[in-house]
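Notes for the one structure printed next.
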Ligand SMILES: Cc1ncc(COP(=O)(O)O)c(C=O)c1O
């Protein structure tokens, strides 16, 4: 047996984790009897209403299979093909979705913005919009923010407000990639509405998978006008589940008694535990503030290789950076963190001698 298979859990991705008990139990319940297909079922209605309760507003809700489709289809509904979408240069929609946003939006161009710690610098929006205003330039129409960002940081309420002010000035609609939205909510200690519709977000891709659901994200339109015919877009994009209840029921399990926040809070706490165990070790540098369930660390190659030899899985050079990305999940245990950190310590210290 290789050493990796001896490890019950890894730090590679919150996608590596299984289904949390609350989501699993809801799927089992949804499996007891027949239900109407294609979303006209009681589970989908209940899950949509729970999402409206979470956000304290009457939003439009759709359930799709994954984050790429949630992002692509929602962005497509904000833009015409001759528009452009502004996003951070490290955004998932830019580098990790194989061009799906441009594909589903029929050629809408993605324009890249800089910013520290994975967060868009509001000044760069001015620059991108004002750079050209002639008919040859793809007209900026949407601003896409990732919350938590690709490097595990969070936009604060104030930072979102600044971005929304600029977006409003230039008539940009705001899309939020919330693959780890739950981690942002607990990390910031805010009400979900404060970092979405109250901050000017038009549409949120609310992540379920990384939070403990088997499969699925919710597309939440706060600007209901933009949701017009989104059901057709989902169907055409292959995202209308016939047995929709198995996408929606897990949300009921997650939201009904707050499991989504408990799990996010736990994975954030595990990341903080890992950060404090390895910060300050020789040859180890923490690259970004640890605001959520990810620790990005610069580790020497010898340490990375040693950890891999000991069976730990985690990604390096994610998105082209030199960092190792160490992700915690809803089921990461303190013991997992401590033994991983002990191995990092041993390998890094041996190198320093
Ligand atoms: C920031 C971000 N957005 C979206 C996604 C969702 O992608 P997928 O299509 O794999 O569900 C991910 C998954 O890694 C992500 O990290």
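Coordinate-derived values only; no laboratory data. What you see is a predicted model, and the numbers here were worked out from it, not measured in a lab. Every residue, glycine as well, gets a Cβ built from its backbone with ideal geometry; the counts of neighbours run over all protein chains shown.
Consider residue 107 carefully, then state whether it is more than 30 Å from residue 138 (Cα to Cα) and surrounded by fewer than 21 Cβ atoms within 10 Å (Cβ to Cβ).
no
Criterion first (in a helix (DSSP H, G or I) and at negative phi) does residue 163 satisfy it?
yes
Restricting attention to region 135-144, does a residue exist that is within 14 Å of the ligand (Cβ to nearest atom) and either crowded, with 24+ Cβ neighbours inside 10 Å or over 30 Å from residue 13 (Cα atoms) (or both)?
Within region 135-144 (the criterion being within 14 Å of the ligand (Cβ to nearest atom) and either crowded, with 24+ Cβ neighbours inside 10 Å or over 30 Å from residue 13 (Cα atoms) (or both)), the answer is yes, since at least one residue qualifies.
Within region 140-160, how many residues are in contact with a helix residue (DSSP H, G or I) (Cβ under 9 Å, 6 or more places away or on another chain) and not in a loop (DSSP other than H, G, I, E, B)?
10
Can you name every one of the helices (runs of 4 or more DSSP H) wholly within region 36-121 that holds 1 or more residues which are within 14 Å of the ligand (Cβ to nearest atom), closer than 14 Å to residue 175 by Cα and in contact (Cβ under 8 Å) with a residue 24 or more places away in the chain?
67-78, 92-95, 100-104
So, of the residues in region 141-160 that are touching a residue at least 60 places away in the same chain (Cβ under 8 Å) and under 26 Å from residue 130 (Cα atoms), which turns out to be nearest to the chain's Cα centre (by Cα)?
149
Looking at residue 106, is it out of contact with any helix residue (DSSP H, G or I) (no Cβ under 7 Å at 6 or more places or on another chain) and on the phi > 0 side of the Ramachandran plot?
yes
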